[in-house]
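One structure below.
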Amino acid sequence: MRAIGIEAASVTKRFGAFTALSDVSLKIAPGTVHALLGENGAGKSTIVKCLLGYYRADEGGFIVDGKEVAIEAPADADRLGLGMVYQHFTLVPSMTAAENLVMARADVPSVIAWRRERERLAAFLATMPFKVPIDVAVGTLAAGERQKLEILKQLYLDRRLIVLDEPTSTLTPAEAEEVLGVVRGMVDEGRLTTIIITHKLKEVDAFADEVSVLRRGRMVGGGRVADLDHAAMTKLMIGESHEPAGMPKHGAAEPVPRLVVSGLATIGDVGHPGLSIESLEVRPREIVGIAGVSGNGQKDLVEVLGGQRKATAGEIRISAKPYHARRDEAQALKVRVLPEEPLRNACVPGMSVRDNLNLRRFDRDDAGRPRALLDGKRMAAFAAEAIAGYGIRAPSELAPIRALSGGNVQRAVLARELDGDVDLLIVANPCFGLDVKAVAEIRARIVEARNGGAAVLLVSEDLDEILELADRVVVMREGRIVYEAEAGAADAHVIGGHMVGHS
């Protein structure tokens, strides 16, 4: 195995009248880690999909390992040794690691001789700098082990250049350091070239050699990471200097809790235990951050509080009143929820931006009293105000909300949920996959709600986000709360240890 370099030469890609890439050129040297940065919609995914054969460039082309090549289908990229580790795992959870590796090959036989395949796997693994258990179901592996197996799969398929798409989004700090350290080591040995797509500039500093920045489909700059600081990278990404307005991280939380969860239990999903939470409290003017590896009950908790999952035992009280997550209770107790995957869980995708913005208020007047008839003029006025106030980029207020980017869907749902007085705000992974400017805006809105008197429950798989925003941190593992600390005394590696059960 040896690393290869690539060069994109004046690549242009159009979708109808929309130009996603315009005359993009970049060069990635063999045996390096090259960071690809840009806001959502900047063209990062498009250039990678052209390189991997999922899209065909309308103009320009690629030079791979010093030779001009035609990449018209994924099979072409496979033959050239180009592969990708996606943001979400692509392994089959019920199959073992060995089965996943063998079945990923293009030349897998119709009848598999497992003794011969195991010998082949053993010879391959002997050349690798890291190991993973290959005889257990992938679904039982920790997130870091699954991410390493995704990388191992690409190497098993003879990839010499791999693209890592947000590779640490579901990993603990220790897992992230280990996985990226393994990749960095293979790059340094000259065995691999890596393109990393990430919004985490700290990872760029720690692991990348060079950076290229796309903005609105054009290459706007880059260079050696050692020569660029975060301010310079951010300015290239968004076209302006961006320093988030400073806000006090820790407010003076009120003593009486607003949310009290006691003895909460649910039925588990296949492969995951249900909730078993003895006690959880969130006070006004406080952000409580819930950390945990994906699949350990965080999503279940948000679904219970949002009325999308039933509890089998326990009690939820908000402002000392029983709460069953009905719409009338949420309205009366001023509970707002921004769930994970808001386009699917908090919107009606085919309805307009205007109508989605009004889902909380269409049947209420300004005083909150029920109304029988829709007031289209009032709905349009609120939509216009929300679009302007939250910087929602939409073709029209009448466009379906599914036409918006992920960041703009998040802004729209936040605008709707933060309308009026808010006593309890529940947010789940609010900045997942968003660009640096959208992240800063949404985090500022969450802190602003806390500072305005709301109790905030923040569920996030991004531990950096929790440590930046939360006043208090709790860790969930296997449906239980296993650790709690004030944010000022919290240590990322200690929290990570509790997340994976190594405390």
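The values are calculated or read from the model by the stated rules, or taken from the named source; none is laboratory data. This one's a predicted model, so the numbers in the text were calculated from it and none came from an experiment. As a convention, Cβ positions derive from the backbone with ideal geometry for all residues, glycine included, and neighbour counts pool all protein chains shown.
Here are some notes:
- Only listed residue being over 28 Å from ILE401 (Cβ atoms) and surrounded by fewer than 23 Cβ atoms within 10 Å (Cβ to Cβ), chosen from GLU315, GLU303: GLU315
- Among the conditions (1) crowded, with 18+ Cβ neighbours inside 10 Å; (2) in a strand (DSSP E or B), the only one that LEU171 does not satisfy is (2).
- Sub-8 Å Cβ pairs linking a first residue in segment 320-332 that is touching a residue at least 40 places away in the same chain (Cβ under 8 Å) to a second residue that is surrounded by fewer than 13 Cβ atoms within 10 Å (Cβ to Cβ) and among the basic types (Lys, Arg), at least 6 apart or interchain, number zero.
- Candidates are the residues of segment 111-154 that are more than 24 Å from THR172 (Cβ to Cβ) and among the aromatic types (Phe, Trp, Tyr); the one that is surrounded by the most Cβ atoms within 10 Å (Cβ to Cβ) is PHE124.
- Qualifying residue in segment 427-439 (condition: among the polar types (S, T, N, Q) and not in a loop (DSSP other than H, G, I, E, B)): no
- Top-ranked residue of segment 345-368 - restricted to ones that are in contact with a Phe, Trp or Tyr (Cβ under 9 Å, 6 or more places away or on another chain) and over 10 Å from GLU397 (Cα atoms), ranked as surrounded by the fewest Cβ atoms within 10 Å (Cβ to Cβ): ARG361
- Qualifying positions in segment 425-442 - surrounded by fewer than 23 Cβ atoms within 10 Å (Cβ to Cβ) and either assigned by TED's automatic domain parsing to the domain that holds SER169 or at pLDDT 90 or above (or both): ILE426
- Selected residue [among the β-branched types (Val, Ile, Thr), under 21 Å from the mean Cα position of the chain (by Cα) and either crowded, with 22+ Cβ neighbours inside 10 Å or not assigned by TED's automatic domain parsing to the domain that holds LEU425 (or both)] from VAL473, VAL447: VAL473
- The single condition among (1) touching a Lys or Arg at 6+ places or on another chain (Cβ under 6 Å); (2) modelled with pLDDT of 90 or more that GLY61 does not satisfy is (1).
- Residue count for segment 178-191, restricted to those that are buried (at least 19 other Cβ atoms within 10 Å of the Cβ) and under 19 Å from ARG146 (Cβ atoms): 4.
- In segment 57-70, the residues that are touching a residue at least 24 places away in the same chain (Cβ under 8 Å) and assigned to a strand (DSSP E or B) reach residues that are among the acidic types (Asp, Glu) and surrounded by 13 or more Cβ atoms within 10 Å (Cβ to Cβ) with C-beta atoms within less than 9 angstrom, at least six apart or across chains, in these pairs: GLU59/ASP23; GLY60/ASP23; PHE62/GLU7; ILE63/GLU7; VAL64/GLU7.
- There is at least one residue in segment 447-465 that is part of a strand (DSSP E or B), within 25 Å of GLU203 (Cα to Cα) and not small (Gly, Ala, Ser).
- Sole residue being free of Cβ contacts under 8 Å to residues at least 40 places away in the same chain and not aromatic (Phe, Trp, Tyr), chosen from GLU461, GLU478, GLU486: GLU486
- Lone qualifier among VAL213, VAL220, VAL182 - being modelled with pLDDT of 85 or more, assigned to a helix (DSSP H, G or I) and of a type in the set (Val, Ile, Thr): VAL182
- Members of segment 155-168 found to be hydrophobic (A, V, I, L, M, F, W, C) and crowded, with 17+ Cβ neighbours inside 10 Å, listed by number: LEU155, LEU161, ILE162, VAL163, LEU164
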